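Following: one structure in structure tokens, then a few remarks.
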Amino acid sequence: MSLTFNHLSADSFESHLKAGRKRPRVREPVSCWQCRTRKIRCNREAPCKPCQDRGVSSECAYTTSKDKDGQSQPVSRAHSVSRPSKARAAIAGSPPKRSNTITAAASAPAAAALPEVRTQTQTQTQTQTQTQIRTQTQTQTPSPSPSSRELTPETPSAGERRDLIPAPGRNVFQGSSVKTRMMGLSHWMAPYNEMIVVKAMLDRAPEFQASRRSFAELKVLVRACNALPPSELSGPTKGSSLRGLLPDRETCQQWTLQYCRTYGRIYSIVDPAALDLEMDQICAGSLDNPVNIAVHLLVIAIAMQNVESERLNGRRLARYVEDCIHMSPRFQKPSIAVVQVLLLLTVLKSISASDTDKIYDLMAIQGLTIQIVSNMGLHRDPALFPDMSPYHAEVRKRLWACFLRCNLAYCIRSGSQFNLPLSESDCPLPTTANLRYLDPATANGAFDFDFESDDKAEGDVAFTIAATKLAKIIAPVYQVLYSTVPPELGKMQNDLRAAFRTLLSELPPSLSPKSKIEDPIRMLQQSVLMVLMDSFSSVVTMSSTMGTTVGISERSQLLEIWDYTSSVLHKFQNLCQLGGEVGNMAVHLLWTHAGRAALSACSVVRRLRTFDLNRIMPPHPQQSVYIFQRLLVDSLIFLSQLWQSRFHLGPLTAKINLILAVCLKVTASLYSTDYDDAERIRHELLAEGVEAAEKEIADMKLKLQQRQQTVRPADMFQVGQQQYSPFSSPGLSNMGSSWPTKYDMVGHSEVSSDAETPPFQNHDFFAMDFQPDAAFTSMISNFNFPTEGAVLQDSAMTFVGDPAVVSLMNEMNQSVHTKAE
């Protein structure tokens, strides 16, 4: 017989006496916080016997879920914050709900020293009294020993609270009615929230309304000049379809050699000897695997990014490969060649995102790469796999090292969390062995082009090993910064400095910062390591000052940030002044660090300037802050000239150029005003920023119109119809002469380079709708758009094919003439 409740209804279980909302339940403490966390028996005294035996009597507290004021006290998982107990509530004058010997014993001594409070109208007095008693208790209570602090959870002191940085509170959220995006601590634009003028411009201040509209028009023009035609691939792709995209054998060889001499020395993804051998097989028709052909296409595409006239051709080839990845099942089977394709595509999209503002296009590729790497067990020791040749074992080690570096670089660049579980990885570091001699197929083979010497190859592998070690040092600290547990900033900084010193002592002489290096690529490798150390150290230090009002006591932290940022700007400027391929690659690889350093330095100088406003005597020209301002102006002049020559490469380069122009004008005007009122200085700086923004946007429009008269974007899309010649291209041979040098800091010529630009990650300020006026219509009618179909992802205008552009221009001209009449 089963038990049923058919004779009952739902009303049988409902109470007929409902007095509104149920009050939250507050349980009386039966154990102190220390005993409850350790799950041991407490004798319910104050202090209890277990706490006395452990020597932490001052930490014995009976906590509740809410304090006297009704505000919740969050308890961290790592550092438990002691909350006011019922004993302290009794001290303040509010008796507990029921008699308790613990609270009575604890409250009796202190309650006798205070006047009785019987009425509820004196709530404010009770709160003030409670605060005074808490202050007296904290002052008279001796602090526990360092050993007991490590073993027991405690209430952080005032000094320790300064070292605890709640990571979620330091993130900057940008939102609108259609999107919400978080910029983490490592995002290059994170310091802008501490800048008055730049923040006003990005947050749609009324003073920048005209500049916003004018810049939105400029962004449409820049996108039109750099738009890629839609892909022509449809349906499943085979090796023959990708084979038709490859140029002739000699041209492929030249581009491959170009890659091996530049980006191949930064990322050890492919083996040059294996590439040359596969190219012979592809040309002979014996190799028709689309995965292997895609590797060669991406190598050519990456090499093209150092030549401005060929960069769009390379990105179009990469888009064909990306379409194949999503359509062909061969690219979804775990293999070494598939991982090489995904890593090469990651490198190329990172480069192109610098001027296209599409860093988040890497999300799909990153997810697929993580899945393939996990299925292959690339993070495990190759010795665990039986019958694996030494060549493939070494290739697996290098691929895992490159994957770790690329994934961490993407997270730092986009300001997102790094979620790779490094504790589960046991893959050792690569060795300095030359892959050419490990593979029997290439050990004794004859090749058409000369490889780099064995010393250079060994030095490049040493750089890969050092960069991987640096990534393993930064990754755990980066995860702590983005966790919900507030980290101990002081201890974390000390550990990070010690790890960096150890890494510097282990560097080979070819990468040591004290050695004299003549190879430009080796100088770039050395600078990549040094810049990443200084840049990440500034992020860690800046995390304690962002979003807070820094007083004069925190001046040392600002000076430390200045040291890191000035070092980054100095190294970046030295690399860019080398010109040529090295200068171009420096912008591709280090632009986020340079952008973050520039904004952070501007924020530091502004805060130090606010300290001078409280001085009785005006700042002397020999003071450090005044010198910082002049040095920063010199660095901003170089960066501004550099991006003025690159603004036409994409909407992002134009945005960076605009930001640098405003920062330069405002920073140069910090000490030009004699006002002592901070609010008056703010209005003056806003006026300076508005003037600089309007002037820079007008200059970019004029230069873009002049450039468009001599360059046709349609000439850049003849993929498969022209013979590539990287060494005869004027963009490669004459690239070094167009970079600004320290001897020519005034000329603003059109630079023939295709380096990257920092991502202004789709801020609402630059994604606004606008109505084109007559001036804009007359300007855009003189532009020559691509003859093939080009779809612009913009909320304002859409160009589809040449006929649509013509019809759109005619309609706009007719509307303008009608209004004029």
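Any read-out appearing in this document is the output of simple, stated calculations on the displayed coordinates, not a laboratory observation. The structure displayed is predicted, hence computed values, not measured ones. Cβ placement follows ideal geometry from the backbone for every residue including glycine, while neighbour counts extend to all protein chains displayed.
Listed values, structure above:
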| quantity | calculated |
| --- | --- |
| Ordering of 42-52, 243-253 by burial proxy (mean other Cβ atoms within 10 Å per residue, highest first) | 42-52, 243-253 |
| In order through the range 701-709: 3J(HN,Hα) via Karplus (6.51 cos²θ - 1.76 cosθ + 1.60), integer Hz, x for Gly, Pro | 4, 5, 5, 5, 5, 5, 5, 5, 6 |
| Rounded to whole Hz, the Karplus (6.51, -1.76, 1.60) HN-Hα couplings of the range 638-644, x for glycine and proline | 5, 4, 5, 5, 5, 7, 5 |
| Entries in Lys49/Lys491; Lys358/Lys516; Lys358/Lys514; Lys349/Lys701; Lys491/Lys655; Lys358/Lys703 that, when Cα-Cα distance is taken, lie over 29 Å | Lys49/Lys491; Lys358/Lys516; Lys358/Lys514; Lys491/Lys655 |
| Among 369-379, 187-197, 505-515, the order from most to least packed when residues are scored by Cβ within 10 Å on average | 187-197, 369-379, 505-515 |
| Magnitude of the charge dipole, the range 369-517, Cβ model with Lys/Arg +1 and Asp/Glu -1, debye to 20 | 680 |
| In Hz, Karplus ³J(HN,Hα) per residue of the range 493-505 (6.51, -1.76, 1.60; θ = phi - 60°; x = Gly, Pro) | 5, 5, 5, 5, 5, 5, 5, 5, 5, 5, 5, 5, 6 |
| Coordinate range along principal axes, alpha carbons of the range 241-303, Å, largest first | 31, 17, 16 |
| Sequence of Leu685, Leu631 once ranked by neighbouring C-beta atoms within 10 Å, starting from the fewest | Leu631, Leu685 |
